[in-house]
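Asker: Please find one structure pasted underneath; my questions will follow.
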Amino acid sequence: MIYQTFAQLYDELFDDQLYADWQSFVQKEVERPGRLLDLAGGAGRLAVRLAKQGFRVTDADLSSEMLTLADQRARTDQVNLELVEANMLDLSGLGMFETITCFADSLCYLNDLSEVTTVLKQAYMHLLPGGKLLFDVITPYQTDVVYPGYCYNYQDEDHARAFMWQSFADDEVEHGVIHELTFFIEQADGRYDRVAETHFEKTYPLATYRAAVKAAGFKRHRVSADFGKETPNEETTRWFFACQKGD
């Protein structure tokens with residue numbers, strides 16, 4: 001039960017406006033709803049939004065706890081989602097899609113560039129001709145300038161759950177960052193259980209991502225900032241990629 005609570009609290013940390021912005025980005029890039037695979041889709045907040053817009057959404061995530069939340073959210077909002085527990089490094093058996101998404105810099109949690117390229121290749125293989133892969137990644141400006149020294153604290157209104165987040169530069173990894181996450185969850189007897197995790201993120205120069213996209217097979221791609229609204233500059237914190245598979 002604690003891990004389901006952990007997943008729910010982690011899900012609550014993300015501002016709902018982020019999901020509205022990701023939804024707008026998808027709708028801007030995709031002419032008409034079709035089959036959509038949301039990689040690392042987690043608790044289904046984006047998936048439900050897109051399903052309401054007519055997309056036939058598959059939410060694929062490595063966490064069964066997150067997928068349980070996605071199922072609850074889909075039932076509450078009365079939409080149909082296909083939920084698949086899967087590692088995005090191997091999408092065998094998932095079929096073909098008009099659109100594949102991978103947001104919240106999920107690719108930056110992979111171990112190295114070869115894994116990033118593997119995911120891009122897997123996405124290419126599971127896209128129909130003319131289909132699009134949409135993803136975002138944090139930039140070296142985010143890892144090297146914004147994140148070091150970052151701190152965020154949160155507690156819910158009932159003081160039953162609390163969260164601490166601290167970020168540090170990873171001195172051993174170029175453009176790497178370490179996130180220390182600590183959750184405190186109140187139990188029935190008033191005691192608090194403590195759950196701690198350490199997350200590692202890394203990113204790469206824009207030219208490296210462009211090369212990986214091409215190596216995956218995509219002939220055309222576009223990079224933007226601010227959910228597709230702006231042109232990237234030196235202080236851009238997140239790049240947004242729109243990659244199209246050839247007809």
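Asker: Name the one entry in A188, A212, A207, A196 that is touching a residue at least 40 places away in the same chain (Cβ under 8 Å), among the small types (G, A, S) and either assigned by TED's automatic domain parsing to the domain that holds A162 or outside any loop (DSSP other than H, G, I, E, B) (or both).
Answerer: Step by step, each of A188, A212, A207, A196 is checked, and only A212 is touching a residue at least 40 places away in the same chain (Cβ under 8 Å), among the small types (G, A, S) and either assigned by TED's automatic domain parsing to the domain that holds A162 or outside any loop (DSSP other than H, G, I, E, B) (or both).
Asker: Moving on to the next point. Mind checking which residues of the range 175-196 are closer than 30 Å to P140 by Cβ and hydroxyl-bearing (S, T, Y)?
Answerer: T182
Asker: Continuing with this model, one more query. Looking at the structure I just gave you, is F184 within 14 Å of L134 (Cβ to Cβ) and aromatic (F, W, Y)?
Answerer: Judged against the criteria, F184 is not a match.
Asker: Sticking with this one: Just for strands (runs of 3 or more DSSP E) wholly inside the range 30-129: which have at least 1 residues that are more than 27 Å from R220 (Cβ to Cβ) and not small (G, A, S)?
Answerer: 56-61, 82-85
Asker: Assigned by TED's automatic domain parsing to the domain that holds W239, within 29 Å of F25 (Cα to Cα) and either of a type in the set (V, I, T) or outside any helix (DSSP H, G or I) (or both): which single residue out of S224, S167 fits that description?
Answerer: Every option except S224 fails the conditions.
Asker: Follow-up. With the requirement that a residue be surrounded by 11 or more Cβ atoms within 10 Å (Cβ to Cβ), of a type in the set (D, E, K, R) and part of a loop (DSSP other than H, G, I, E, B), what does the range 170-185 give you?
Answerer: D170, E174
Asker: Further, regarding this structure: Here's a check for you: in the range 17-61, which residue that is of a type in the set (V, I, T) and without any contact (Cβ under 8 Å) to a residue 40 or more places away in the chain is surrounded by the most Cβ atoms within 10 Å (Cβ to Cβ)?
Answerer: V57
Asker: Before we move on, is Y152 at negative phi, in contact with a Phe, Trp or Tyr (Cβ under 9 Å, 6 or more places away or on another chain) and in a strand (DSSP E or B)?
Answerer: yes
Asker: Examine the range 90-106 for a residue that is of a type in the set (D, E) and closer than 25 Å to Q27 by Cβ, and state whether such a residue exists.
Answerer: The answer is yes, given that some residue of the range 90-106 is of a type in the set (D, E) and closer than 25 Å to Q27 by Cβ.
Asker: Just for the range 107-125: of the residues that are closer than 24 Å to Q27 by Cβ and of a type in the set (A, V, I, L, M), which one is nearest to the chain's Cα centre (by Cα)?
Answerer: It comes out as L107.
Asker: To continue, here is another question. Identify all residues within the range 89-105 that are in contact with a strand residue (DSSP E or B) (Cβ under 7 Å, 6 or more places away or on another chain) and modelled with pLDDT of 95 or more; write none if there are none.
Answerer: Listed by number, the residues that qualify are M96, F97, E98, T99, I100, T101, C102, F103.
Asker: Assess whether E82 counts as being charged (D, E, K, R) and either free of Cβ contacts under 8 Å to residues at least 12 places away in the same chain or not assigned by TED's automatic domain parsing to the domain that holds A212 (or both).
Answerer: no
Asker: All but one of (1) surrounded by 13 or more Cβ atoms within 10 Å (Cβ to Cβ); (2) modelled with pLDDT of 95 or more; (3) of a type outside the set (D, E) hold for P205; which doesn't?
Answerer: Of everything listed in (1) surrounded by 13 or more Cβ atoms within 10 Å (Cβ to Cβ); (2) modelled with pLDDT of 95 or more; (3) of a type outside the set (D, E), P205 misses just condition (1).
Asker: Please verify whether the range 144-156 includes one or more residues that are small (G, A, S) and within 25 Å of G95 (Cα to Cα).
Answerer: no
The values are calculated or read from the model by the stated rules, or taken from the named source; none is laboratory data. Everything numeric here is computed off the predicted structure, so don't read it as measured data. Quick reminder, even Gly has a Cβ in these numbers, built from the backbone with ideal geometry, and neighbours come from all protein chains shown.
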